[in-house]
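First the structure, in the form of structure tokens, and then the observations on it.
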Amino acid sequence: MNASISPADIGSASLDEEIARAELYGVLARLFYAPPDPDFAAGLRAAATEAPMAGAFLEAPWRDLVAAARAADDPSLRDEYETLFGGLGKPEVYLYGSHYLNGFLNEKSLIALRNDLAALGLARNPAMPETEDHIAYLCEVMRYLIAGDDAGQCHLANQRKFFGDHLLPWVPAMCDALSAHPRARFYAALGEFTRAFASVEAQGFDMLP
């Protein structure tokens, strides 16, 4: 999973709101899927700290995320990711929606998600070990629904439905888990930015007719 734009560019005023939304989903997908590689981490450290989208609500959590990246070196970011999400057996923090929605992995919410993905003409790459309810996968789907070329699928109505059905019900709980974890530093800041971004998205969708 890769963002097509460096996080250093996200604060640019030249990005319109829809491009910024898509790219922010891409950045979230990249950071939740794996620890940032040196180039991506360097881009995040170099990012402008003004709001990445119009509106001051995101400015403080984005500034805190950039500051957390600047405060950590690359090995620390890798170690934190592995501590929180990796290792054998039960992770410290789950990144899968079914855990928060059903209490177990691979439960009925995953079946509903797969049905909705099929209706959108999407399917998981068999080479991807994670199930479709991984936060990174869901962020990539949202990115596609915003910036994809298929006008029949990539529109606001599908964005609102997918977000409301498959992200909004559990992402705040994941962010709570990150914020509360005693060993989370960078990823606690990422959780707070994710929470703020999800809130902005929810408010925007609520304004649609």
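The values are calculated or read from the model by the stated rules, or taken from the named source; none is laboratory data. The structure displayed is predicted, hence computed values, not measured ones. Ideal geometry is used to build each Cβ from the backbone, glycine not excepted, and the neighbour counts take in all protein chains shown. Please note that ligands, DNA and RNA were not included when accessible areas were found on the heavy atoms of the full protein model with its side chains. Shrake-Rupley method; radii C 1.70, N 1.55, O 1.52, S 1.80 Å.
Observations
- Filter result for residue 21 (open to solvent by less than 30 Å² (accessible area, probe 1.4 Å), under 23 Å from residue 169 (Cα atoms) and at pLDDT below 95): yes
- When we screen 127, 67 for residues that are among the hydrophobic types (A, V, I, L, M, F, W, C), assigned to a loop (DSSP other than H, G, I, E, B) and surrounded by fewer than 16 Cβ atoms within 10 Å (Cβ to Cβ), the only hit is 127.
- Those residues of region 194-206 which are over 15 Å from the mean Cα position of the chain (by Cα) and open to solvent by 30 Å² or more (accessible area, probe 1.4 Å), in sequence order: 203, 204, 206
- Scan of region 96-124 for residues that are under 21 Å from residue 178 (Cα atoms) and assigned to a loop (DSSP other than H, G, I, E, B), ordered by number: 103, 104, 105
Every residue, every condition in (1) surrounded by 14 or more Cβ atoms within 10 Å (Cβ to Cβ); (2) of a type outside the set (A, V, I, L, M); (3) at pLDDT 95 or above; (4) more than 26 Å from residue 50 (Cβ to Cβ), yes or no:
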site	(1), (2), (3), (4)
138	yes, no, yes, yes
141	yes, no, yes, yes
144	yes, yes, yes, yes
164	yes, yes, yes, yes
208	no, no, no, yes
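- Among the residues making up region 136-156, those that are of a type outside the set (Asp, Glu) and without any contact (Cβ under 8 Å) to a residue 40 or more places away in the chain are 141, 144, 145, 148, 151, 152, 153, 154, 155.
- Residue ID - modelled with the lowest pLDDT, chosen from residues in region 75-101 that are crowded, with 16+ Cβ neighbours inside 10 Å and of a type in the set (S, T, N, Q): 98
- Criterion violated by residue 191 - all others in (1) at pLDDT below 95; (2) open to solvent by less than 20 Å² (accessible area, probe 1.4 Å) satisfied: (1)
- If you check 177, 151 for being of a type in the set (A, V, I, L, M, F, W, C), out of contact with any Leu (no Cβ under 8 Å at 6 or more places or on another chain) and either within 17 Å of residue 27 (Cα to Cα) or loosely packed, with under 14 Cβ neighbours inside 10 Å (or both), only one passes: 151.
- Pair list, Cβ < 9 Å and 6+ apart or interchain, from region 74-92 residues that are of a type in the set (A, V, I, L, M) and in a helix (DSSP H, G or I) to residues that are at pLDDT below 95 and open to solvent by less than 30 Å² (accessible area, probe 1.4 Å): 84/91
- Residue check, residue 60 closer than 21 Å to residue 185 by Cβ, in contact with a helix residue (DSSP H, G or I) (Cβ under 9 Å, 6 or more places away or on another chain), outside any loop (DSSP other than H, G, I, E, B) and at pLDDT below 95: yes
- Qualifying positions in region 156-184 - closer than 15 Å to residue 116 by Cβ and more than 15 Å from the chain's Cα centre (by Cα): 157, 158, 160, 161, 165
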